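Below is one structure, written out as structure tokens; comments come after it.
The values are calculated or read from the model by the stated rules, or taken from the named source; none is laboratory data. Only a predicted model underlies this, so the values are computations on that prediction, with no experimental measurement involved. Ideal geometry is used to build each Cβ from the backbone, glycine not excepted, and the neighbour counts take in all protein chains shown.
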Amino acid sequence: MFANQQKGNRRPGIPCPECGFFIEMPLEDLLYKQEFKCPGCLLELRMDRSSSQKALELLQQVKVAMDDVKKASDFTR
Ligand SMILES: [Zn+2]
């Protein structure tokens, strides 16, 4: 298990269900990509829209929250 990347880092991504490797990717990709590969164990993760509905809703909430943060802190990014 790679748990070393989960302490307070707010980088978007998901931990691999197989090896625990934290797969970094933009929230947009998480939301809209059909599948992606874990760089740690090369497991192919497939987003099953119907069965991961709850997870997707959660991600969408996170994204909304992040957009709000972006709006609130309108720096150079
Ligand atoms: Zn993996």
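Listed by first and then second residue, the pairs with beta-carbon distance under 6 Å, at least 6 apart or on different chains, first residue in the stretch 11-22 and more than 8 Å from the ligand (Cβ to nearest atom), second at pLDDT 85 or above and of a type in the set (Phe, Trp, Tyr), are Gly13/Phe22; Pro15/Phe22.
Selection of the stretch 16-45 for residues being not in a loop (DSSP other than H, G, I, E, B) and not charged (D, E, K, R) yields Phe22, Ile23, Leu27, Leu30, Leu31, Tyr32, Phe36, Leu45.
Being more than 9 Å from the ligand (Cβ to nearest atom) and either modelled with pLDDT under 70 or of a type in the set (A, V, I, L, M) (or both) narrows it down to one of Gln6, Gln34, so name that one. Show your work before the answer.
Values: Gln34 fails: either modelled with pLDDT under 70 or of a type in the set (A, V, I, L, M) (or both).
Just a single option satisfies the conditions, and that option is Gln6.
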